[in-house]
Amino acid sequence: MDKILRINMGADGGPKIKVDSLGDYAGLGGRAMTSTIVAKEVPATCHPLSEDNKLVIAPGMLSGSTAAMSGRISVGCKSPLTGGIKEANAGGQPSQMLGRLGYAAIVLEGKPKENNLYKIFINKDGVDIKEDNSLCMLGNYDLVDKMKAEYGEKIACISIGQAGEMKLAAASVAFTDMEQRPTRHAGRGGVGAVMGSKGVKVIVIDDAGTKARSPADPDKFREANKTFVAGLRRNPTTGEGLPTYGTNVLTNVISEAGAYPTKNFQLGQFDNCQKISGETQAETENARGGEGSATHGCHRGCVIKCSGTYYDKDGNYLTKQVEYETVWAHGGNCGIDDLDAIAQIDRLDDDFGLDTIEMGATIAVAMEAGLAEFGDAQAAINMVKEVGKGSHLGRILGSGAAVTGRVFGVERVPVVKGQAMPAYDPRGIQGIGVTYATATMGADHTAGYAVATNIMKVGGDVDPLTPEGQVETSRSLQIATAAVDSTGMCLFIAFAILDQEDTFQALLDLINAFAGANLTGDDVNALGMQVLKTERDFNTRAGFTKEDDRLPDYFKKEKLPPHNITFLVTDEQLDQVHNY
Ligand code: SF4
């Protein structure tokens, strides 16, 4: 990966393509690449939908190689949802394909002068960009079908649905999976709205005629990969729990722990959680059968395989195996206990190009405002359809939970820096509350997954219900995560590398053998800290202060059943998280 593709969408005479050498960005990948480019090239105070913002799409450092788990991709920009820096991460095929084609990043710059839509085609012979207004307001599924008819079955797509075209702050960027379906999303922070503001509907990638990237030391690389994969298979979470039940294995676990946000964060347990649990979901999927219903990966090279396929009652493909965060967001958080309805909403979210977490949190806020009853699945489906139609109500909902709460006068709005909280109540798992409050991204469980140490006792054992040890836990996880997000590795490898020294060493050996480097654990830590410092510096320049590193007040006042506990970590403690 020795080049950066830059496309100036606002150039005189139409979009202009330029292929740059890596320059100062050499050696970076994934989140390190997106955040460094955004911090250096985007004015921190610019409007996120203006010509000054840039959308950066970057495969990880190891993407395009044969390293297991290395096909994640990062999307970065200034976020229309938070107003700060954003990195949203996704699976799918494009990361490996861009890596094989040699692109370390795609940077969309400027803004078209006319209201036109464009498609970009990238293959081994170069890059082509064409105006195509026939794609206007297509959902991701129809769009990908159209691209396959035009460019062949073996392509991958990076695209936006209607929400991105409408520049809604909950809009995602979709990535096609191994079956060429647009099911993998860089969901958070409204990155799809920024792609929409650039006038780019789809980037089509064809890697025919390319080879996997070669490691500097192939023998050591092969050996390290073998040990790494064996470590992932040996670990109970990555080797058994995730492949068998998917991420939704967490529904029963988190509800049992009393930290499952229910009915817009009013309760910590959902009475009907069994009906939407990973166990019930796996049973349903296996009973309905069909191609790919069993466990499979979201990209080539995934060996954990936490994903699968969801078929409807008649055996027709509906959506990918719905993930825990989505099942919670559209399920328990809205009081809904119907897996088929949740899967239908997941399909709509993917088609319109919407962040499932933000949309679920938004619908729950709307339910609290009285727009529908908690538990009314049809009303939830109708609300998402309003977003796809672009009605006035739909545009409000598609702007996220914070805007919806403001419009309908709701106090209980679970957001930090404008971004909705995911599927863990910060009162029941205090460590994740620290991450929500202090992450550079706004409320984001993946930024420092303290659920691991608080609940699963992976990488340590910290009591979820006390403030002690939470700052240190969140800090070290935020640093480690920023580094992993830069490699292109799926974050789920953390379950194995946090507890198994030889698996962590194998990961280091893999990176070193690939790059011809000699990195130690300290170097990886230093990379994580550097990424976080870069992101925090951008946010400071954008106007954020320590007062933005806080949870909404009600978490400190309202007690969450069943533990009847508030968020106990003090502001002074939160201010210590980024002292490194
Ligand atoms: S473990 Fe799951 S999320 Fe991670 S790469 Fe594999 S399928 Fe994708």
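Among the residues of region 392-409, those that are open to solvent by 20 Å² or more (accessible area, probe 1.4 Å) and outside any helix (DSSP H, G or I) comprise 399, 409.
Quick check on residue 305: is it among the charged types (D, E, K, R) and touching a His at 6+ places or on another chain (Cβ under 7 Å)?
Values: among the charged types (D, E, K, R): yes; touching a His at 6+ places or on another chain (Cβ under 7 Å): yes.
It is true that residue 305 is among the charged types (D, E, K, R) and touching a His at 6+ places or on another chain (Cβ under 7 Å).
Which of the residues spanning region 310-320 are without any contact (Cβ under 8 Å) to a residue 60 or more places away in the chain and touching a helix residue (DSSP H, G or I) at 6+ places or on another chain (Cβ under 8 Å)? Matches in region 310-320: 310, 311, 312, 313, 315, 318.
Determine whether residue 117 is open to solvent by less than 10 Å² (accessible area, probe 1.4 Å) and touching a Leu at 6+ places or on another chain (Cβ under 8 Å). So residue 117 fails the test. Is at least one residue of region 93-112 out of contact with any strand residue (DSSP E or B) (no Cβ under 7 Å at 6 or more places or on another chain) and over 24 Å from residue 492 (Cβ atoms)? Scanning region 93-112 turns up at least one residue that is out of contact with any strand residue (DSSP E or B) (no Cβ under 7 Å at 6 or more places or on another chain) and over 24 Å from residue 492 (Cβ atoms). Checking every residue in region 43-51 against the condition of being surrounded by 24 or more Cβ atoms within 10 Å (Cβ to Cβ), touching a residue at least 40 places away in the same chain (Cβ under 8 Å), farther than 16 Å from residue 100 by Cβ and among the hydrophobic types (A, V, I, L, M, F, W, C) gives zero matches.
The helices (runs of 4 or more DSSP H) found entirely in region 273-391 that carry 2 or more residues being within 16 Å of the ligand (Cβ to nearest atom), within 25 Å of residue 92 (Cβ to Cβ) and of a type outside the set (Val, Ile, Thr) are 278-288, 324-330, 339-352. Has region 89-99 got any residue that is surrounded by fewer than 24 Cβ atoms within 10 Å (Cβ to Cβ) and either of a type in the set (A, V, I, L, M, F, W, C) or away from the ligand (no atom under 16 Å from the Cβ) (or both)? Taking every residue of region 89-99 in turn, none turns out to be surrounded by fewer than 24 Cβ atoms within 10 Å (Cβ to Cβ) and either of a type in the set (A, V, I, L, M, F, W, C) or away from the ligand (no atom under 16 Å from the Cβ) (or both). Between 110, 76, 92, the distinction of being on the phi < 0 side of the Ramachandran plot and not aliphatic (A, V, I, L, M) belongs to 76 only. Scanning region 125-167 for residues being out of contact with any strand residue (DSSP E or B) (no Cβ under 8 Å at 6 or more places or on another chain), of a type in the set (A, V, I, L, M) and buried (at least 22 other Cβ atoms within 10 Å of the Cβ) gives a total of 1.
For region 451-493, the tally of residues that are outside any loop (DSSP other than H, G, I, E, B) and within 16 Å of the chain's Cα centre (by Cα) stands at 11. Residues in region 482-504 that are within 12 Å of the ligand (Cβ to nearest atom) and not aromatic (Phe, Trp, Tyr) were compared, and the one that is surrounded by the fewest Cβ atoms within 10 Å (Cβ to Cβ) is 491.
When 60, 71, 83 are checked against the criterion of being within 19 Å of the chain's Cα centre (by Cα) and open to solvent by 10 Å² or more (accessible area, probe 1.4 Å), a single residue qualifies: 83.
Please specify each residue of region 529-575 satisfying the condition of being among the aliphatic types (A, V, I, L, M) and outside any helix (DSSP H, G or I). Show your work before the answer.
From region 529-575, those among the aliphatic types (A, V, I, L, M) are 529, 531-532, 542, 551, 560, 565, 568-569, 574; that's our starting set.
Once the filter is applied, which keeps residues that are among the aliphatic types (A, V, I, L, M) and outside any helix (DSSP H, G or I), region 529-575 yields 542, 551, 560, 565, 568, 569.
The C-beta contact set for region 132-157 (first residue more than 18 Å from residue 320 (Cα to Cα), second residue surrounded by fewer than 17 Cβ atoms within 10 Å (Cβ to Cβ) and small (Gly, Ala, Ser), distance under 7 angstrom, 6+ apart or interchain) comprises 154/208. Looking at region 257-265, can you tell me whether even one residue there is over 22 Å from the mean Cα position of the chain (by Cα), open to solvent by 10 Å² or more (accessible area, probe 1.4 Å) and either in contact (Cβ under 8 Å) with a residue 24 or more places away in the chain or within 16 Å of the ligand (Cβ to nearest atom) (or both)? Yes.
No other residue among 240, 256 is charged (D, E, K, R) and closer than 30 Å to residue 368 by Cβ apart from 256. Looking only at region 507-561, residues that are in contact with a Phe, Trp or Tyr (Cβ under 6 Å, 6 or more places away or on another chain) and either free of Cβ contacts under 8 Å to residues at least 40 places away in the same chain or of a type outside the set (A, V, I, L, M) (or both) come to 3 in all. Scanning region 505-531 for residues that are under 23 Å from the mean Cα position of the chain (by Cα) and open to solvent by 60 Å² or more (accessible area, probe 1.4 Å) yields 525, 530.
Please state which one of 187, 192, 164 is closer than 16 Å to residue 351 by Cα, in contact with a Ser or Thr (Cβ under 6 Å, 6 or more places away or on another chain) and more than 16 Å from the ligand (Cβ to nearest atom). First the steps, then the outcome.
Details: 187 fails: more than 16 Å from the ligand (Cβ to nearest atom); 164 fails: in contact with a Ser or Thr (Cβ under 6 Å, 6 or more places away or on another chain).
The unique qualifying residue is 192.
Looking for something under 30 Å from residue 73 (Cβ atoms), in contact (Cβ under 8 Å) with a residue 40 or more places away in the chain, touching a Lys or Arg at 6+ places or on another chain (Cβ under 9 Å) and crowded, with 24+ Cβ neighbours inside 10 Å - is there at least one such residue anywhere in region 341-351? Yes - at least one qualifying residue is present in region 341-351. Pairing each residue of region 321-334 that is closer than 18 Å to residue 309 by Cα with any residue that is of a type in the set (S, T, N, Q) and open to solvent by 10 Å² or more (accessible area, probe 1.4 Å), provided the two are 6+ apart or on different chains, yields C-beta distances under 6 Å for 323/247; 324/247; 326/356.
The values are calculated or read from the model by the stated rules, or taken from the named source; none is laboratory data. Only a predicted model underlies this, so the values are computations on that prediction, with no experimental measurement involved. No Cβ is skipped: glycine too gets one built from the backbone with ideal geometry, and neighbour counts run over all protein chains shown. SASA here: full protein model, heavy atoms, side chains in, ligands and nucleic acids out. Shrake-Rupley method; radii C 1.70, N 1.55, O 1.52, S 1.80 Å.
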